[in-house]
1. List the residue pairs whose Cβ atoms are under 8 Å apart, where the first residue sits in the range 209-222 and is within 12 Å of ILE171 (Cβ to Cβ), the second is modelled with pLDDT of 90 or more and aromatic (Phe, Trp, Tyr), and the two are 6 or more positions apart or on different chains.
2. Going through the range 139-161 one residue at a time, which ones are in contact (Cβ under 8 Å) with a residue 40 or more places away in the chain and open to solvent by 50 Å² or more (accessible area, probe 1.4 Å)?
3. Quick check on the range 103-138: of everything there that is open to solvent by less than 60 Å² (accessible area, probe 1.4 Å), of a type in the set (Gly, Ala, Ser) and assigned to a helix (DSSP H, G or I), which residue is farthest from PRO89 (Cα to Cα)?
4. Report whether or not LEU146 is within 40 Å of the chain's Cα centre (by Cα) and either assigned to a loop (DSSP other than H, G, I, E, B) or farther than 30 Å from ILE254 by Cβ (or both).
5. Just the residues that are aliphatic (A, V, I, L, M) and assigned to a loop (DSSP other than H, G, I, E, B), please, taken from the range 68-102.
6. Suppose we filter the range 162-195 for residues that are open to solvent by less than 80 Å² (accessible area, probe 1.4 Å), farther than 11 Å from ILE233 by Cα, not in a helix (DSSP H, G or I) and not acidic (Asp, Glu); how many remain?
7. Of all residues in the range 42-80, how many are modelled with pLDDT under 90, among the aliphatic types (A, V, I, L, M) and open to solvent by 30 Å² or more (accessible area, probe 1.4 Å)?
Amino acid sequence: MKHTLIQAKESQEPFGGCGHGPAPAAQRARNAPPVFVNGVAVSEADIAFETQNHRAASGPEARAAAARALVIRELLLQRAAALGLQAAPCRDDAGREETPEEALVRQVLELEAQPREPTADECLRVYAASPDSFTTMEIYEASHILCAPEQPGAEAWVAAHGRAVAVRRQIQEGADFAKLARAHSNCPTGSDGGALGQLAVGDLAGELERVLLALRQGEVAAAPVRTRHGWHIVRLDRHAPARRLPFDVVEPAIRVRLRERALVSASARYVAELARQAEIEGLDLRLGAA
């Protein structure tokens, strides 16, 4: 379990070791002094090992990101020692346990970087500003009977259409749709009575979907619909249009989102204050230069 403090803005292109990409923003001179945090050294070996965890457009940028991460960790571990904290590792839902250092980092932030709790008005503003984020997907259920041409050519298509019209007539006369699907459909869904299951808009061919969504629930289309597979007799079984969820339903999720955002900001401010009060050599934490 890795506790994320501040995620630096890094290139989306991974460093491939060939020196391509933009000029490094934080390249460390060959003769630069080692990195120290309040007199405690952050070794080059640790920085090199940490570098593999940071994607960047160049080696120096990846190294700079690694150095920043280790300096922040050292600041927080020193603060944990000053507070006399004892590591109490937690497990996540997958059963993974924090390392003692990760636990101490989390405990410091929980103790001293608590974010402000979002208010109901703030949650309501998020809800009002992003209506599409809180809207259910339009879904529907449908069934069909496929009468496919038995061979290529116009005559086979005409014959398939004739079979579809005859089956549609039986439905109109009161025959059971599912039984007809099992007896006549050339689609594997015929064994399930023609049921296509739950569908989202865009799941079916456009020509089928347009006809289906124009039907009333339980209605069978008046005429067979042609697709590249053959002629379909279609029925709309259920339709649930998209709808906006009530605020009281989504408020807890909005509150969690705002709380997580506030935690990142509070952690960043807290680390910045620790860095301001610390003696850091070999790295400018404010500018991210190493």
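1. Note: pairs meeting the criteria are VAL220/PHE177.
2. Passing the criteria: GLU141, HIS161.
3. This residue is ALA120.
4. Values: within 40 Å of the chain's Cα centre (by Cα): yes; either assigned to a loop (DSSP other than H, G, I, E, B) or farther than 30 Å from ILE254 by Cβ (or both): yes.
Against the criterion (within 40 Å of the chain's Cα centre (by Cα) and either assigned to a loop (DSSP other than H, G, I, E, B) or farther than 30 Å from ILE254 by Cβ (or both)), LEU146 qualifies.
5. Residues of the range 68-102 aliphatic (A, V, I, L, M): 69-72, 75-77, 80-83, 85, 87-88, 94.
Within the range 68-102, LEU85, ALA87, ALA88, ALA94 qualify.
6. 5
7. Of the residues in that region, 2 qualify.
Results for (1) open to solvent by less than 50 Å² (accessible area, probe 1.4 Å); (2) outside any strand (DSSP E or B), shown as yes or no for each residue.
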site	(1), (2)
LEU215	yes, yes
ARG238	no, no
ALA242	no, yes
ASP248	no, yes
ALA275	yes, yes
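The values are calculated or read from the model by the stated rules, or taken from the named source; none is laboratory data. Owing to the predicted nature of the structure, the values given are computational and were not obtained by experimental measurement. Here the Cβ is made from the backbone with ideal geometry for all residues, glycine too, and neighbour counts use every protein chain on show. Keep in mind that these areas ignore ligands, DNA and RNA; they rest on the heavy atoms of the full protein, side chains included. Shrake-Rupley method; radii C 1.70, N 1.55, O 1.52, S 1.80 Å.
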